[in-house]
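Shown next, in structure tokens, is the structure this report addresses.
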Amino acid sequence: YAQNGNVMQFDGVNNYVDLGNAVANGTRTIEFWFRPLVDITPDLAEAKTLIARDATTSNIDEFNICFSPYTWSGFGGRLRFTCTYNANQSYSVYSDSSSWNHNQWYHVAAVIHPSQGLLLFINGIKQSSLSPLFITSIAPSTHITTIGCWGDSYNRFYNGWIDELRFSDIARYDSDFTPPCPEFDLDNNTLGLYHFNEKNGT
């Protein structure tokens with residue numbers, strides 16, 4: 001990944017970005033570049049959030065992309081994409097890898113596919129984990145979507161960089177692809193696009 005301009009940096013303590021409650025509504029693809037500032041390994045003690053919406057009362061609109069701690073069903077260190085269908089049904093897919101090098105850039109694409117369910121791509125490679133959640137898209141919500149922390153729970157903070165975040169209303173990928181670099185394009189299917197190139201803000 002050839003970094004172009006500025007990025008968002010998170011300290012793993014209390015840094016996050018509030019994207020409001022509208023940008024993720026209707027989303028089928030979330031993609032971005034990330035660069036951890038510490039190694040992430042299978043013995044990770046606490047979840048570390050890249051992007052999330054935490055809906056504590058109406059879980060149908062909840063989703064997250066995070067690194068799993070070792071206490072979560074033996075998936076320690078794996079990147080997880082989860083969507084909640086209703087109050088009792090969450091569906092997740094996981095990265096094949098459970099180890100991530102600090103200061104290395106990775107591209108992630110989380111997809112809600114109309115016929116394949118939830119899909120996760122790392123550096124353009126389709127991960128082996130599959131989950132048959134055939135929802136239309138992420139449901140509308142009054143809860144905020146955040147980068148770097150677990151929604152409005154404001155915990156599980158991420159330590160690292162994030163760049164080039166795009167929300168799309170289509171399933172952009174269904175097989176291996178070459179990640180876009182250095183900047184994503186704005187097109188008719190883009191719901192939100194963040195280059196993070198401004199010096200003092202998002």
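The values are calculated or read from the model by the stated rules, or taken from the named source; none is laboratory data. Source: prediction; values computed, not measured. Methodologically, a virtual Cβ is constructed for each residue, glycine included, from the backbone with ideal geometry; neighbour enumeration extends over all protein chains shown. SASA here: full protein model, heavy atoms, side chains in, ligands and nucleic acids out. Shrake-Rupley method; radii C 1.70, N 1.55, O 1.52, S 1.80 Å.
Here are a few things to note about the model shown:
- Pairs with Cβ under 7 Å, 6+ apart, first in the stretch 120-139 and over 22 Å from ALA24 (Cβ atoms), second among the aromatic types (Phe, Trp, Tyr): ASN123/TYR106; GLY124/PHE177
- Qualifying residue in the stretch 83-95 (condition: in contact with a helix residue (DSSP H, G or I) (Cβ under 9 Å, 6 or more places away or on another chain) and assigned to a loop (DSSP other than H, G, I, E, B)): yes
- Of everything in the stretch 103-118 that is open to solvent by 10 Å² or more (accessible area, probe 1.4 Å) and at pLDDT 95 or above, the residue that is nearest to TYR173 (Cα to Cα) is TYR106.
- Summed over the stretch 21-57, the residues that are assigned to a loop (DSSP other than H, G, I, E, B) and either at pLDDT 95 or above or not small (Gly, Ala, Ser) (or both) give a count of 18.
- When the stretch 119-149 is limited to residues that are hydrophobic (A, V, I, L, M, F, W, C) and at pLDDT 95 or above, the one that is farthest from TYR85 (Cα to Cα) turns out to be ILE125.
- Members of the stretch 149-202 that are among the small types (Gly, Ala, Ser), touching a strand residue (DSSP E or B) at 6+ places or on another chain (Cβ under 9 Å) and in a loop (DSSP other than H, G, I, E, B): ALA171, SER175
- Single residue of ASP152, ASP169, ASP176, ASP187 found to be surrounded by fewer than 14 Cβ atoms within 10 Å (Cβ to Cβ), touching a residue at least 40 places away in the same chain (Cβ under 8 Å) and more than 17 Å from GLN9 (Cβ to Cβ): ASP176
- Sole residue being at pLDDT 90 or above and not in a loop (DSSP other than H, G, I, E, B), chosen from ILE60, ILE65: ILE65
- For the criterion of being over 26 Å from PRO42 (Cβ atoms) and in contact (Cβ under 8 Å) with a residue 12 or more places away in the chain, ILE112 passes.
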